[in-house]
Amino acid sequence: MSEAKKTSRVPEIELMKAVAIIGMVLVHTLEASWDSLSNADSGPGYLVFYLIEFTGGVFCSGGFMFAMGWGAAYSKRSTVQTFLTRLVKLLLLGLVVNFFEIFVPGIIDPAGCGPVSDFYYAILAVDIYYYAALFMLYFAVMKHFEDNTAVQAVISGSLVAVFVIVNTMVTPEGFSSGNDWLDTLMGLFVRENEYSYFPIVTWGIYPIMGYWLCRIYKKWDDRRRFAMLLAALGIPALVVSEILVTRAGLPHEILNPGGYDEFFFYAMDTRSMLGGFGLICLELLLYMGIVALAGGRVHPGFLYLGKNVTFIYVVQWMILGVIYPSMAQVTSIWVNAGIGLTVLFAVIIICLCKDRLFVNRRKQ
């Protein structure tokens, strides 16, 4: 067994989480100036724009959820109760994030962002933590049937089939019941309104994918063979997705499925979901190559980011929520990217201070 597989954490997955959290901070900062940067994709800084869009696309949210599924399968100590406890914690974190992401800008600048009284229902907005929380139920079920792989496979396969069927039927713009509260709540499952960020029928494939690929990884105990599997899955999926999207006549970016429109990214159709699946496979394959070249190790900085993604994600919104109203005036992609990096470094410093504080308390 390689050194990488003897560790309690898989280096490639930690690298995936590190890239995801970097992409998240940068793309969330980018979105704060979206209207002012409408021409950034064709101006002098277009490479910076596309780099942020790419790392903050499927590699970001898809990679984060894939890693969550992988971790659920890799952990030996987790129990059904553990996953249910995490469900509650993630729901609470979702409330905290929604408050800072949606309400704080409205409190600071009611005229520019809209008064909070106009969108109380946004507290139900589908932040990634609400979506992650529901998948704790899936992992709890998988844990309950851990001695019956056939039942696990039937449940997982049925979920994926439902995702594909429903996602094929629902348009990216969704539909409206006429009630903002109900639409926002339903947005957890399918695209409903502007507060429906990660509908499960679009994004549910990634945690399931992470869970089962990790199961294969552990069972085979053969990194080279597993790398070949990733290539065999990823390349055809990406090629077929590209063909289907092209034949549909949709403008698109092969490295950012669904990226041809903001609504389509959050509610990718089945063709783009297939492309996202392929990209995640190839991303993990890339990281396996990097780790192999590095002698089975990853830089401690990336490991630190991977270990602290939850803390970093929450704190970034505490900062971004406060500066969002003023970010609307930023017209330079370079300035926007600089602010994003500043926020990232600030959150890392806060994280380091938090760790140091706890270490000092333990010593006392």
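Once the convex hull of all Cα atoms in the stretch 3-363 is built, its volume per residue stands at 153 Å³.
The slack between Thr342 and Lys89, meaning 0.36 nm per residue of separation minus the straight C-alpha distance, is 88.3 nm.
Projecting label points 7 angstrom from Cα along Cα→Cβ for Ser326 and Asn148 puts them 5.8 nm apart.
Work out the FRET efficiency for Val96 and Trp220 from their Cβ-Cβ distance, taking R0 = 56 Å, and round it to the nearest 0.05.
Once rounded, the FRET efficiency stands at 0.90.
Restricting the calculation to Cα atoms, every distinct pair contributes to the Kirkwood radius of the stretch 19-173, found to be 18.3 Å. 3J(HN,Hα) couplings calculated from phi for the stretch 288-300 with the Karplus curve 6.51 cos²θ - 1.76 cosθ + 1.60 (θ = phi - 60°) are, in sequence order, 5, x, 4, 5, 5, 5, 8, x, x, 10, 10, 3, x Hz; Gly and Pro show x. Here the Debye sum runs over all C-alpha atoms of the stretch 247-356 as equal scatterers in vacuum, and log10 of I(q)/I(0) at q = 0.13 Å⁻¹ comes out as -0.81.
Is the shape of the stretch 1-94 best called rounded, prolate or oblate, per the rule: a/c under 1.5 gives rounded, else a/b larger than b/c gives prolate, else oblate, with a ≥ b ≥ c the square roots of the Cα gyration tensor eigenvalues? The shape class here is oblate. For Ile165 and Ile243, the difference between the fully extended length at 0.36 nm per residue and the C-alpha to C-alpha distance is 26.1 nm. Applying 1/(1 + (r/R0)^6) with r as the Cβ-Cβ distance of Ser117 and Met228 and R0 = 56 angstrom yields a FRET efficiency of 0.50. Based on the alpha-carbon gyration tensor of the stretch 191-250 and its eigenvalue square roots a ≥ b ≥ c, which shape applies: rounded if a/c is under 1.5, prolate if not and a/b is larger than b/c, or oblate? Because a/c hits 1.5 or more and a/b fails to exceed b/c, the stretch 191-250 counts as oblate.
Our helix-only sum for the chain, with -39,500 (n - 2.57) per DSSP H run of n ≥ 4 divided by its residues, gives a mean residue ellipticity at 222 nm of -22500 deg cm²/dmol. Overall form of the stretch 292-364: oblate. Here a/c, set by the Cα gyration tensor axes a ≥ b ≥ c, is 1.5 or more, and a/b is not larger than b/c.
Residues in the stretch 102-113 carry Karplus couplings, in order, of 10, 7, 4, x, x, 6, 6, 9, x, 5, x, 9 Hz; the curve used is 6.51 cos²θ - 1.76 cosθ + 1.60 with θ = phi - 60°, and Gly or Pro positions show x.
Compared with the direct C-alpha span, the chain from Ser38 to Ser177 gains 46.9 nm at full extension, assuming 0.36 nm per residue. Spacing of the modelled spin labels on Lys354 and Phe311, each 7 Å from Cα toward Cβ, amounts to 0.5 nm.
With coordinates expressed along the principal axes, the C-alpha atoms belonging to the stretch 168-323 extend over 56, 43, 28 Å, beginning with the largest.
Computed from phi, the 3J(HN,Hα) profile of the stretch 26-43 under the Karplus parametrisation 6.51, -1.76, 1.60 (θ = phi - 60°) reads 5, 6, 5, 5, 4, 5, 5, 10, 3, 5, 7, 10, 4, 9, 5, 6, 10, x Hz, with x in place of Gly and Pro.
Each value in this text was obtained by applying a stated rule to the coordinates, not by laboratory testing. Fair warning: this is a prediction, and the values are worked out from it, not measured in the lab. As a convention, Cβ positions derive from the backbone with ideal geometry for all residues, glycine included, and neighbour counts pool all protein chains shown.
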